[in-house]
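Read through the structure below, which is laid out as structure tokens, and then see the notes.
Laboratory data are not the source of any read-out in this text; all were calculated from the coordinates shown. Because the structure is a prediction, the values reported are computed rather than measured. Cβ atoms come from the backbone with ideal geometry, glycine included; neighbour counts cover every protein chain shown.
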Amino acid sequence: MNRIDQKLAQSSNVLSIYFTAGFPNLNDTVPTLINLEKSGVDLIEIGLPFSDPLADGPTIQASSTQALANGMSTQVLFDQLENIRASVQVPLIIMGYINPVLQYGVERFLQACQRIGIDGLILPDLPLEIYTSQYQELFEQYNIHLIQLITPQTSEARINAIDQVSKGFIYMVSTAATTGNTGVFSDEQQEYFKRIAAMNLKNKQLIGFGIHNKETFDCATNYQSGGIIGSDFVRYVSEHGIDHLEKYTKKYR
Amino acid sequence: MKIKVCGMRNPDNIEDISQLDIQFMGHIFYEKSVRNVTQKLPEKNGSHKRIGVFVNAPYEQILETVYFQSLDGVQLHGNEEVALLKKLHSAFPNLILIKTFSITANFNFEETLPYEGFAEYFLFDTHGLHPGGNGITFNWELLDQWQSRTPYILSGGIAMQHTHAIKQLKNKPDVLDINSKFESSAGIKNTALIQQFIQEMKSKYSADEAGFYGEFGGAFVPEMLYPNVQSLKESYKKLIQEPSFQEDYKKLLQDYVGRPTPLYFSKRLSAQYGAKIYLKREDLCHTGAHKINNTIGQILLAQRLGKKRIIAETGAGQHGVATATVCALMGLECVVYMGEIDMARQAPNVARMKMLGATVKPATSGSKTLKDATNEAIRDWIANPTDTFYIIGSVVGPAPYPEMVAEFQSVISEEIKKQLLEQEQRNTPDYVIACVGGGSNAAGAFYHFIEDESVQLIAAEAGGLGADTAHTAATTFRGTVGVIHGSKTLLMQTEDGQITEPYSISAGLDYPGVGPLHAHLFQTKRAKFFSINDDEALAAGLNLCKKDGIIPAIESSHALAVLEKMTFKKEDVVVVNLSGRGDKDLETYINYFGF
Ligand SMILES: Cc1ncc(COP(=O)(O)O)c(C=O)c1O
């Protein structure tokens, strides 16, 4: 069984953290993973940096630019992760953009993920139609889940179509925005959380974009199975480094 | 080519055929026809035009039927006189008038002359026992003798087996009229067969349903943008076919942009290069470049979609200015994203945009140039999904943008065709040459010639300091297949898939990708690509100043420089698309030549 499915079967308040591979320093990737697991995180998204990250806000883009300048690349990331399963057990997802994956070769990329023990991918600019018509079979062959996004604007019919094709969980984007918002969740957003919960989808959902404190995390786990934190964590490590991540994660629990 | 399905009468069948991508549906009002319509037609559902077919019917009967059946047009299939067309036109100025001629082996095409200017289309049908619907083709070679300002509809016995022959016609019809060969019984059309015909007639150079030109294109957008892109895709074709849209668009192009732009025969360039060299003067458009053809089209769309706020990206500032201009014209809020570095390089255009009331927002991420400005614009669109319309400046971005922008720019080749007919008594050139940044002026200049393989399409890319150096924007030479700004195409990138920063002295060609249509034209070898270095372009630009008294944009100078690299025959007709004027580039010219 895929580790993501196992985790979601056990837990209903999954704390998921995104970080950019090779940031702040090139070789921080593995220690960040180890320290995040130690600090009680349930699921980790490893950001594969891209020069033109359309769906990300300024914080994550800046960290990606830095990581690339540090020398991060697809091959470097796979090399760093080669023995990661000897030390880290939580489900791991690589989040990136389709172009670097295409250049590496989709099948070769999936092979590397399977060998290393990566459980899923998030590729925001690989839309449902192109995934199903061109890549779904390959993903299934290597048992790598493609996690798909929905937003407050996604129609009910399309949510159902995405639910049919999705594996692992559905990534609920909390708002019409790129990553990095820092307010509270509005009534309107909470209505959206409720509306999706009431659809009784086949896949569980995690909420991302805009989670940055206990209040927003709890709100996300009210109706859904957990929350994903990105920009706030990236901002934290750029200021405090990666050594004492339990200091960061305790604010959510 | 457009499709007209004729002889429709059964309501369910009308409904089914309405779902297909057809442009006209014909209904026969002639008692002697087996397909005669005797009842009120169902409410029209679909964007096609409803045409009534009459054979020597009296004026009053036609008039009544137009009202009663809500016809968009009338096809006169008998021996009607010009006077009747005039009378119908004054009664219904918007009514599409089609005049039929039955073609015999010795048909004299001069018979069509009196109708010229009064019919929107001529329809050529086979002469036979009946006034139409004989189910046989005529000798299509006869059409080669005929030249006219009026486009024509090919009719008479067209069947599935004719797709190849139609594509080979020298004098191509605008519309194909299909009828009896697509029926399962009289008046009942076979939907699947017509669908197959439409598919086969589609060009291999146009985008498919999902927005792919061959391997290239598509909409690689995050889910946040899906509803926007999807609703644009579903609505734009219908909206731009509406008569009110066409009327507004054409009127603005004429009165505001200053179209048609001249097709200017350059005597001295012709002497220099040993061919007939024509310049398509897009530099004379309002705001100084072709970019405004597209922004006029998109702002009219935005209005009709009820959007309140316009965003755009710009590199050199030309598209930004063209967008700010139409926003001022329509009174809409305008935000233009521009790379911080470009803002410093192109300060006069920043000032122009501000004078026009736009807000210019610097893109400070990544390389701080056009590609980053595009990223910022897309992010803005993600954050403002309901009230904002994104006006993209070239044939790039997710489908349907490349197709839509090409369509708005296609007015360039539409005019070239007409102008060549007047000046050269032929409606196609031997060569069309245009520069390619994203590829919008080239797409517009190529558009109506793409199907006709006798026209050589030539694209000029910015070689920068040399296509084999690191300082280049020669995308087809140096690029590889990837995804940029929501579209699969050729782009400049590292082995690892990171998009790299291109270089050209011309800010408008300084883009790391190329539109998917051009990637396809390159890959299929339909267009030939030249890489023009900075010095070659500047020399060609200065040459035009000296020879013709025209200071071209440096982008356009790249197209002019191709003339140096070609050998022509004396009688070759060559059209160079002069995409913009050079005022914005004075400083670059001055610094380079040290005036
Ligand atoms: C005068 C002129 N020509 C050409 C271009 C290149 O764009 P495209 O390839 O879309 O025509 C630009 C872009 O700014 C321009 O200003």
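Positive end of the charge dipole of the protein assembly as shown (Lys, Arg +1 and Asp, Glu -1 on Cβ, about the Cα centre): tell me which of A:Val106, B:Pro516, B:Phe138 has its Cα farthest that way. Farthest along the dipole direction, towards plus: B:Phe138. Per-residue mean of foreign Cβ neighbours for B:158-171 is 0 (Cβ atoms of other chains, 10 Å radius). In sequence order, the range B:412-421 has phi-based couplings of 4, 6, 4, 5, 4, 4, 5, 5, 5, 4 Hz under the Karplus curve 6.51 cos²θ - 1.76 cosθ + 1.60, θ = phi - 60°, and Gly or Pro positions carry x. With a simple spin-label model that places each label point 7 Å from the Cα along the Cα-to-Cβ direction, the separation between A:Asp187 and B:Thr386 comes to 1.5 nm. Computed from backbone phi, the HN-Hα couplings of the range B:474-485 come to 7, 5, 6, 7, 9, x, 10, 5, x, 10, 9, 6 Hz, rounded to whole numbers (Karplus: 6.51 cos²θ - 1.76 cosθ + 1.60, θ = phi - 60°; Gly and Pro given as x). Here the spin labels are modelled as points 7 Å beyond Cα on the Cα-Cβ line, and at A:Asn200 and A:Arg253 they lie 3.3 nm apart. Close amide H partners of B:Gly7, meaning residues 5 or more places away or on another chain with modelled amide H under 5 Å apart, are B:Gly26, B:His27, B:Ile28.
Of B:Phe530, B:Phe109, the sequence from fewest to most neighbouring Cβ atoms within 10 angstrom is B:Phe109, B:Phe530. A Cβ-based charge dipole, computed about the Cα centre of the protein assembly as shown with Lys and Arg at +1 and Asp and Glu at -1, lands at about 640 debye. Its Cα centre serving as origin, chain B has a Cβ charge dipole (Lys and Arg +1, Asp and Glu -1) of approximately 560 debye. When peptides B:14-22, B:198-206 are sorted by average Cβ neighbour count within 10 Å, with the highest value leading, the order is B:14-22, B:198-206.
Karplus-derived 3J(HN,Hα) values for the range B:136-144, using 6.51 cos²θ - 1.76 cosθ + 1.60 with θ = phi - 60°, are 10, 8, 9, 6, 5, 4, 4, 5, 5 Hz; glycine and proline are entered as x. Dividing the summed helix terms, -39500 (n - 2.57) for each DSSP H run of n ≥ 4, by the number of residues in chain B produces a 222 nm estimate of -10000 deg cm²/dmol to the nearest 500. Ordering B:Leu370, A:Leu33, B:Ile412 by the projection of their Cα atoms onto the charge dipole of the protein assembly as shown, which places +1 on the Cβ of Lys and Arg and -1 on the Cβ of Asp and Glu, puts B:Ile412 at the extreme positive end. Points 7 angstrom from Cα along the Cβ direction at B:Glu81 and A:Glu140: gap in nanometres? With each label placed 7 Å out from Cα toward Cβ, I get 7.2 nm. Backbone amide hydrogens, once placed in the peptide plane, bring B:Lys361 within less than 5 Å of B:Val336, B:Tyr337, B:Met338, excluding anything fewer than 5 places away on its chain. Against chain B, whose longest principal axis is taken from its Cα atoms, helix B:59-68 shows a tilt of about 60°. For the listed peptides A:61-67, B:495-501, a ranking on the average number of other beta carbons within 10 Å per residue, highest first, reads A:61-67, B:495-501.
With a cut-off of 8 Å between alpha carbons and a minimum separation of six or more residues, what is the relative contact order of chain A in percent? Answer for chain A is 24 percent. Close amide H pairs (under 5 Å, H built 1.01 Å from N) link B:Phe530 with B:Ala459, B:Ala460, B:Glu461, residues at least 5 positions away or on another chain. Among the residues of B:356-369, the average count of other protein chain beta-carbon atoms within 10 Å of the residue beta-carbon is 2.
Among A:14-21, A:153-160, sorting by the average number of other beta carbon atoms lying within 10 angstrom of each residue, highest first, gives A:14-21, A:153-160. Give, as ranges by residue number, the residues of the range B:567-595 whose backbone N falls under 19 Å from the point 7 Å along Cα→Cβ of B:Lys354. Inside the label zone: B:584.
Once the convex hull of the alpha carbons of the protein assembly as shown is built, what does its volume come to per residue, in cubic angstrom?
172
Along the positive direction of the dipole of the range A:81-182 (beta-carbon charges: Lys, Arg +1; Asp, Glu -1; about the Cα centre), which of A:Leu128, A:Ser87, A:Ile147 reaches farthest? Ranked along the dipole, the leading option is A:Ser87.
Restricted to Cα atoms, the range B:197-342 shows a radius of gyration and a Dmax of 18.7, 56 angstrom. What is the distance in Å between the Cα centroid of the range A:95-150 and that of the range B:549-595? So the two Cα centres are separated by 46 Å.
Work out the P(r) tail for chain A: percent of alpha carbon pairs separated by more than 29 Å, whole number. Considering chain A, 22 percent of its Cα-Cα pairs are separated by more than 29 Å. Exceedance of the 23 Å cut-off in Cα-Cα distance is limited, within the set B:Lys291/B:Lys418; B:Lys167/B:Lys291; B:Lys2/B:Lys167; B:Lys417/B:Lys570, to B:Lys167/B:Lys291. Orientation-averaged projection of the range B:2-201 equals 10.3 nm² [convex hull of Cα atoms, one quarter of hull surface area]. Think of it this way: in the protein assembly as shown, A:Cys113, A:Cys219, B:Cys6, B:Cys285, B:Cys435, B:Cys545 stand alone, with no other Cys Cβ under 4.7 Å.
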